[in-house]
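Notes follow the structure.
The values are calculated or read from the model by the stated rules, or taken from the named source; none is laboratory data. Quick caveat, the model's predicted, so the values are computed rather than measured. Cβ sites come from the backbone with ideal geometry, for glycine too, and all protein chains shown count toward neighbours.
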């Protein structure tokens, strides 16, 4: 994942409407989007391209982990001695990491992991994460059910 951009762009109501519509259907044709936001197809295309170029949003496919056989999902809290950035980068490079956060509080690093089963999760945590230089402790939180998942930030 890339670093967040430091430049903030003010979005007008039309920009927000475009983003809201594309969050529902990222493949929506400009001909469909145009009447929903009150602009011509050409103007919508220009707006979308400008928002994409500025990095305000990106259009991506979001897969369902269960349909891919990734039935075990967990959050792992990691306590680190020394510089947390190296540990976070190492965990982030692992294919099973969905996202990795450097935090304050009880844990220095939080990681969401997706695995095929509990054996794979055990191998990942015990044999690959706990042996990283600087990892002092880990705590695994099995995710029983995803109650909410949203990607609709900043358009409200």
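May I ask you to list the residues in region 88-115 that are free of Cβ contacts under 8 Å to residues at least 60 places away in the same chain and part of a helix (DSSP H, G or I)?
Within region 88-115, 88, 89, 90, 91 meet the criteria.
What do you reckon, is residue 85 surrounded by fewer than 16 Cβ atoms within 10 Å (Cβ to Cβ), outside the structural domain of residue 28 (by TED's automatic domain parsing) and either in a helix (DSSP H, G or I) or at pLDDT below 95 (or both)?
So residue 85 fits the description; yes.
May I ask you to say which residue of 48, 56 is assigned to a loop (DSSP other than H, G, I, E, B), touching a residue at least 24 places away in the same chain (Cβ under 8 Å) and surrounded by 14 or more Cβ atoms within 10 Å (Cβ to Cβ)?
56
Name the residues in region 133-149 that are in contact with a helix residue (DSSP H, G or I) (Cβ under 9 Å, 6 or more places away or on another chain) and farther than 23 Å from residue 116 by Cα, would you?
Within region 133-149, 133, 134, 135 qualify.
The rows are residues; the columns are (1) surrounded by fewer than 14 Cβ atoms within 10 Å (Cβ to Cβ); (2) in contact with a strand residue (DSSP E or B) (Cβ under 6 Å, 6 or more places away or on another chain); (3) at pLDDT below 90; (4) assigned by TED's automatic domain parsing to the domain that holds residue 99.
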| site | (1), (2), (3), (4) |
| --- | --- |
| 28 | no, no, no, no |
| 31 | yes, no, no, no |
| 39 | no, no, no, no |
| 70 | no, yes, yes, yes |
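Tell me, which residue of region 116-131 that is touching a residue at least 40 places away in the same chain (Cβ under 8 Å), out of contact with any helix residue (DSSP H, G or I) (no Cβ under 9 Å at 6 or more places or on another chain) and not in a loop (DSSP other than H, G, I, E, B) is surrounded by the fewest Cβ atoms within 10 Å (Cβ to Cβ)?
118
Output the number of the condition that residue 74 fails; it satisfies all remaining conditions of (1) modelled with pLDDT under 95; (2) surrounded by 13 or more Cβ atoms within 10 Å (Cβ to Cβ); (3) assigned to a loop (DSSP other than H, G, I, E, B).
(3)
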